[in-house]
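Student: Below is one structure. I have some questions about it.
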Amino acid sequence: MPHTLFRHAVRRALRALLPALLAPTLGLHAQGPARPTLAVVGGRVIDGYGGPVIENGVVLIAGERIVAVGREGEVAVPNGVPVIDANGHTVMPGLIDMHVHLHIVGHGDYKRWDDLYGTRDATVVMPIAAHQLLMAGVTTARDLGARLDDILAVKRRIAAGEIPGPRLFVSGPFIQHEAYEEYEKPFRWGVNGADDARQKVQRIIDAGVDFVKLIDQDQMTDAEVAAVVETAHKNGKVVVAHAHRMDEIRVGLKHGVDDFEHTGLGTAPGYPEDILQALRERNSALYWTPTLSPLYTLYYTGSVFPERLDDPAWREFMPNAMAREVRASLSQIPHLPYYALFPSRLPLLPTKFKQLRETGVRLMIGTDAGIPAMFHNDATWREMAKFVELGVSPMETIQSATLWPARFLRREKDLGVLAPGRLADIILVKGDPLSDMTVMRDVRVVIQGGKRVK
Ligand SMILES: [Zn+2]
């Protein structure tokens with residue numbers, strides 16, 4: 001056989017073999033167009049990339065992934081494929097709430113809650129919180145602080161399809177200087193010295209956490225903070241840090257944490273220039289989850305619309321005794337000393353939020369769902385509505401709950417946008433969030449991994 005012909009033959013043989021060789025790793029992509037299993041037809045599609053919307057869109061799903069997104073007429077829906085009629089709705093990526101706590105469900109007294117339910121986190125409490133989040137359109141969530149074994153067990157059960165809930169990314173226990181009270185020790189691990197810090201961080205990483213949650217880092221030694229961040233980064237894990245106090249932020253910045261939480265509890269009117277300058281330097285490489293809505297929501301519930309507490313929506317999936325207990329605990333909130341500070345603290349938030357935005361840090365939607373009066377069924381849309389109220393465009397707000405979190409979680413290839421190849425995590429919302437973000441309270445359909453779950 002002449003030399004060139006031989007080369008052709010080898011190439012041809014290789015080309016024929018290649019798909020078979022690659023198929024096991026590429027999955028359905030290598031096996032040609034997969035048979036669609038579900039189609040969402042007729043709604044306005046926001047794909048998450050921030051460009052123009054698609055009117056009368058079609059999202060075609062095969063198995064757990066999206067195979068096509070386009071206009072009706074451009075994307076054909078094969079005969080026999082089940083169709084969800086999306087007319088009158090906005091079709092968008094499932095929401096990603098970047099700050100939730102599944103072991104608490106809005107109760108007003110953490111100690112009493114833990115006494116009553118602390119031993120039933122994994123079996124009773126977390127599944128309720130997870131189910132509520134999913135029904136609110138939250139198909140992915142980041143849990144920032146819980147007992148290690150409990151949250152990992154719930155994460156696994158959701159992933160295995162045993163219980164409904166968002167895909168979970170979890171920190172396990174807080175890593176901090178020391179727990180404030182005895183009962184908190186299982187979910188607030190104090191570190192004592194750099195070696196201890198390294199060991200504890202390694203232990204939670206080996207157990208399976210997705211990242212490390214650091215708080216009160218201004219109360220730790222430099223060596224301890226450095227040990228936490230280095231151990232996390234060495235293992236390919238990011239560090240999420242609290243930002244309640246200015247020195248907490250400074251220490252976090254000094255050691256290169258990846259994401260800050262909250263906008264500060266103090267009464268300072270804004271962030272000082274040294275912090276702002278450091279934030280400008282890190283720009284969009286630094287993530288920030290400001291959790292604006294809890295303060296507003298608690299004040300709203302206590303002083304503006306107490307009737308909210310009698311809305312059956314937040315009790316969904318809760319046994320009656322639990323709902324009664326939560327309800328009773330919240331009657332006391334308006335009489336607590338810290339509540340009296342709210343009217344002076346609330347006006348500071350818009351200024352601080354504006355400052356953060358102007359530095360260019362990447363803002364994400366996170367709610368602290370689970371803390372007093374922040375129920376998992378309605379926390380996420382409240383935060384999104386607050387972003388818009390404080391000046392973020394609706395499209396960017398949606399990206400703060402979809403695309404940016406997916407990037408932060410390093411799961412951009414699976415989550416955060418509606419595009420071929422991505423996991424089919426899709427929600428249908430009645431109306432137009434680009435005109436009125438409060439319509440996000442009305443999520444009608446939830447599809448997770450290609451399966452309709454609401
Ligand atoms: Zn929190």
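Student: Taking the stated definitions as given, is L348 closer than 17 Å to S303 by Cβ, out of contact with any Lys or Arg (no Cβ under 9 Å at 6 or more places or on another chain) and away from the ligand (no atom under 16 Å from the Cβ)?
Tutor: no
Student: Checking R120 against (1) without any contact (Cβ under 8 Å) to a residue 24 or more places away in the chain; (2) within 18 Å of G145 (Cβ to Cβ); (3) in a loop (DSSP other than H, G, I, E, B), only one condition comes out false. Which one?
Tutor: So R120 meets the others, but not (3).
Student: Could you list, in sequence order, the residues of the range 79-136 that are of a type in the set (D, E) and surrounded by fewer than 24 Cβ atoms within 10 Å (Cβ to Cβ)?
Tutor: D85, D109, D114, D115
Student: For the range 127-146, give me each residue that is in contact with a His (Cβ under 7 Å, 6 or more places away or on another chain) and within 16 Å of the ligand (Cβ to nearest atom).
Tutor: Of everything in the range 127-146, those that are in contact with a His (Cβ under 7 Å, 6 or more places away or on another chain) and within 16 Å of the ligand (Cβ to nearest atom) turn out to be A129, L133, R142, D143, L144, G145, A146.
Student: Right, another one. Go through the range 402-454 and give me each residue that's farther than 19 Å from G366 by Cβ and of a type in the set (D, E, K, R).
Tutor: Within the range 402-454, K413, D414, R422, K430, D432, D436, D442, R444, K451, R452, K454 meet the criteria.
Student: Among what's in the range 296-344 and is more than 16 Å from the ligand (Cβ to nearest atom) and of a type in the set (V, I, T), pick the residue that is farthest from A130 (Cα to Cα).
Tutor: Among those residues, the one meeting the criterion is V304.
Student: Among the candidates I151, I104, which residue alone is assigned to a loop (DSSP other than H, G, I, E, B) and closer than 18 Å to Y183 by Cα?
Tutor: Residue meeting the stated conditions: I104.
Student: I need a count of the residues in the range 155-171 that are of a type outside the set (A, V, I, L, M) and under 15 Å from the mean Cα position of the chain (by Cα).
Tutor: Residues in the range 155-171 being of a type outside the set (A, V, I, L, M) and under 15 Å from the mean Cα position of the chain (by Cα): 6 in total.
Student: Still on this structure, I have one more. From L346, L330, L336, which residue is surrounded by 16 or more Cβ atoms within 10 Å (Cβ to Cβ) and not β-branched (V, I, T)?
Tutor: L330
Student: Can you tell me which residues in the range 73-112 are away from the ligand (no atom under 16 Å from the Cβ) and under 30 Å from S331 (Cα atoms)?
Tutor: Of everything in the range 73-112, those that are away from the ligand (no atom under 16 Å from the Cβ) and under 30 Å from S331 (Cα atoms) turn out to be D109, K111, R112.
Student: Which one of the conditions (1) more than 16 Å from the ligand (Cβ to nearest atom); (2) β-branched (V, I, T); (3) touching a helix residue (DSSP H, G or I) at 6+ places or on another chain (Cβ under 6 Å) does I398 fail to meet, given that it meets all the rest?
Tutor: Of (1) more than 16 Å from the ligand (Cβ to nearest atom); (2) β-branched (V, I, T); (3) touching a helix residue (DSSP H, G or I) at 6+ places or on another chain (Cβ under 6 Å), only one is false for I398: (3).
Bear in mind that the values in this text are calculations on the coordinates, not laboratory data. Just so it is clear, the model here is predicted, and its values are computed rather than measured. Every residue, glycine as well, gets a Cβ built from its backbone with ideal geometry; the counts of neighbours run over all protein chains shown.
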